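Structure first, then comments.
The values are calculated or read from the model by the stated rules, or taken from the named source; none is laboratory data. Since the structure is predicted, the reported quantities are computational estimates derived from the model, not experimental observations. Cβ: placed from backbone, ideal geometry, glycine included. Neighbour counts: every protein chain shown.
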């Protein structure tokens with residue numbers, strides 16, 4: 001069988017990781033990469049052995065055969081670039097968030113339905129062993145009725161991250177920490193426990209004078225499926241990340257998955273249940289001065305290939321990607 005031909009749009013940290021994972025997959029071939037920084041041309045061509053383009057429009061106008069386009073550009077471009085790829089009759093892999101508004105995500109879904117193409121949303125934390133185990137526990141209803149859930153995300157993002165002149169820290173391209181840093185954990189919450197309503201929130205910008213949005217917040221809500229929840233988050237931790245955790249309290253037991261990246265089961269006490277031994281979690285993505293979520297992008301590429309072969313379905317589909325954006329949009333609508 002011929003290999004699926006991929007192109008990556010945006011060759012920053014995440015784009016290069018996508019490119020490497022594509023090269024590592026025996027059923028995938030990286031045929032093109034796009035970045036507006038022309039100084040990367042020689043590096044891209046030598047390191048990845050693919051064609052270089054300086055804009056998505058230049059790539060779309062070329063005669064290179066492409067099956068899948070991976071969108072790894074700044075957040076504010078995700079929906080626009082996904083639509084351009086769909087217009088060229090390509091499947092799309094879009095990094096989180098799918099867009100910065102529900103309306104933008106709806107346009108992507110509408111275009112994908114017209115083109116009969118898949119849209120895969122990158123939420124690689126679903127592949128972490130504790131997350132997969134949590135999903136199984138809740139699917140089997142081992143906790144019974146859910147009473148409460150708490151999600152805590154306390155990370156470091158300071159001037160080493162928000163570099164002057166870059167897109168990070170801007171409203172139109174970044175959107176704020178719920179989009180850029182913590183949408184992974186809102187996705188886990190939605191995936192495990194469903195949609196929310198009756199939202200109340202407080203926001204503060206404690207020490208990020210260089211951003212137009214908050215660095216911290218506390219959000220209270222109800223789950224439509226029952227129970228109450230709270231999300232506490234901050235990017236104002238000094239020097240390094242502190243934790244990403246979820247605690248779920250139910251009528252038949254309680255669980256806490258914590259660690260810096262929601263990668264360790266810290267507590268499990270469930271009626272008539274013995275917790276299995278889980279495989280080790282992959283390490284976080286390391287960007288030097290700061291770290292991100294688990295390095296699970298190879299699973300993302302595997303899922304794309306297996307879905308296109310007809311062997312499985314998308315781990316995170318376009319509707320789920322839209323729902324995370326819609327939840328964030330409803331939370332941010334409460335800002336004064």
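Yes/no matrix, rows are residues, columns are (1) outside the structural domain of residue 83 (by TED's automatic domain parsing); (2) in a strand (DSSP E or B); (3) touching a helix residue (DSSP H, G or I) at 6+ places or on another chain (Cβ under 9 Å); (4) surrounded by fewer than 23 Cβ atoms within 10 Å (Cβ to Cβ):
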{"residue": "144", "(1), (2), (3), (4)": "yes, no, no, yes"}
{"residue": "173", "(1), (2), (3), (4)": "yes, no, yes, yes"}
{"residue": "178", "(1), (2), (3), (4)": "yes, no, yes, no"}
{"residue": "186", "(1), (2), (3), (4)": "yes, no, yes, no"}
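Listed conditions (1) out of contact with any strand residue (DSSP E or B) (no Cβ under 6 Å at 6 or more places or on another chain); (2) more than 20 Å from residue 127 (Cβ to Cβ) are all met by residue 279, apart from (2).
Determine whether segment 26-41 contains at least one residue that is within 22 Å of the chain's Cα centre (by Cα), under 18 Å from residue 297 (Cα atoms), touching a residue at least 60 places away in the same chain (Cβ under 8 Å) and surrounded by 20 or more Cβ atoms within 10 Å (Cβ to Cβ). Yes: segment 26-41 contains one or more residues that are within 22 Å of the chain's Cα centre (by Cα), under 18 Å from residue 297 (Cα atoms), touching a residue at least 60 places away in the same chain (Cβ under 8 Å) and surrounded by 20 or more Cβ atoms within 10 Å (Cβ to Cβ).
Candidates 39, 33: the one that is farther than 19 Å from residue 117 by Cα, in a strand (DSSP E or B) and either outside the structural domain of residue 175 (by TED's automatic domain parsing) or in contact with a strand residue (DSSP E or B) (Cβ under 7 Å, 6 or more places away or on another chain) (or both) is 33.
Kindly establish whether residue 90 is under 22 Å from residue 305 (Cβ atoms) and over 17 Å from the mean Cα position of the chain (by Cα). Answer is yes for this residue.
Residues of segment 269-282 that are in a strand (DSSP E or B) and crowded, with 18+ Cβ neighbours inside 10 Å: none at all. Hey, does segment 90-98 have a residue that's under 25 Å from residue 332 (Cβ atoms) and assigned to a helix (DSSP H, G or I)? So far as segment 90-98 goes, no, none of its residues is under 25 Å from residue 332 (Cβ atoms) and assigned to a helix (DSSP H, G or I). Just one of the listed residues (11, 21, 60) is crowded, with 17+ Cβ neighbours inside 10 Å, at pLDDT 95 or above, out of contact with any strand residue (DSSP E or B) (no Cβ under 8 Å at 6 or more places or on another chain) and closer than 20 Å to residue 295 by Cα, and it is 21. Reported count of residues in segment 112-142, each being farther than 15 Å from residue 184 by Cβ, touching a helix residue (DSSP H, G or I) at 6+ places or on another chain (Cβ under 7 Å) and part of a helix (DSSP H, G or I), is 3. Within segment 235-248, the residues that satisfy the criterion of being within 20 Å of the chain's Cα centre (by Cα) and not in a strand (DSSP E or B) are 235, 241, 242.
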